[in-house]
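Participant: Take a look at the following structure, please.
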Amino acid sequence: MNATLSVVSPETAAALVERLVSEGLISMSAAAKLYGCGHGDAPTHKSTVGRHALRGVKLPNGSHLKLESIRVHGQLRTSRQAVLRFFARQTEAAEMPDMNPVMVPRSPKQRTRAAAKAAAELDSLGIK
């Protein structure tokens, strides 16, 4: 199994800890209550919130957004304000999907066509 370790600089981690602690830490269960009901009017499970903190959600532009969280005694904690920021950033991204677009590589066939088109254009201009 491949594991990815996300390393945060000490200054960044300290600032995140300071911000979340000053905002008031809440558990993933408490954060799940802020999410409200999900599919079929079932309450959001705390594992969903944990997944958003660890893996994030994929935005329309292809990037990932993670819920701000810290570990306290091995348990994930966040803040009410962090959850609200998470919701706001998702909403902004959905309303402006072209914001920070992710470049999708062209297929070999698309590259070949583009190269042929460019060569034909250069030939028509007399450039070799």
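Participant: Taking the conditions exactly as written (out of contact with any helix residue (DSSP H, G or I) (no Cβ under 6 Å at 6 or more places or on another chain) and surrounded by 15 or more Cβ atoms within 10 Å (Cβ to Cβ)), does residue 16 satisfy them or not? Write out each step before concluding.
Facilitator: Details: out of contact with any helix residue (DSSP H, G or I) (no Cβ under 6 Å at 6 or more places or on another chain): yes; surrounded by 15 or more Cβ atoms within 10 Å (Cβ to Cβ): yes.
Yes: the conditions hold for residue 16.
Participant: Keeping to the range 35-66, report how many residues are within 15 Å of residue 89 (Cβ to Cβ), small (Gly, Ala, Ser) and in contact with a Leu (Cβ under 6 Å, 6 or more places away or on another chain).
Facilitator: Qualifying residue count, the range 35-66: 2.
Participant: Could you tell me whether residue 65 is modelled with pLDDT under 95, on the phi < 0 side of the Ramachandran plot and surrounded by fewer than 17 Cβ atoms within 10 Å (Cβ to Cβ)?
Facilitator: Values: modelled with pLDDT under 95: yes; on the phi < 0 side of the Ramachandran plot: yes; surrounded by fewer than 17 Cβ atoms within 10 Å (Cβ to Cβ): yes.
Answer is yes for this residue.
The values are calculated or read from the model by the stated rules, or taken from the named source; none is laboratory data. Since the model is a prediction, treat every value here as computed from it, not as a measurement. FYI the Cβ positions are ideal-geometry reconstructions off the backbone, even for glycines, and counts take in every protein chain you see.
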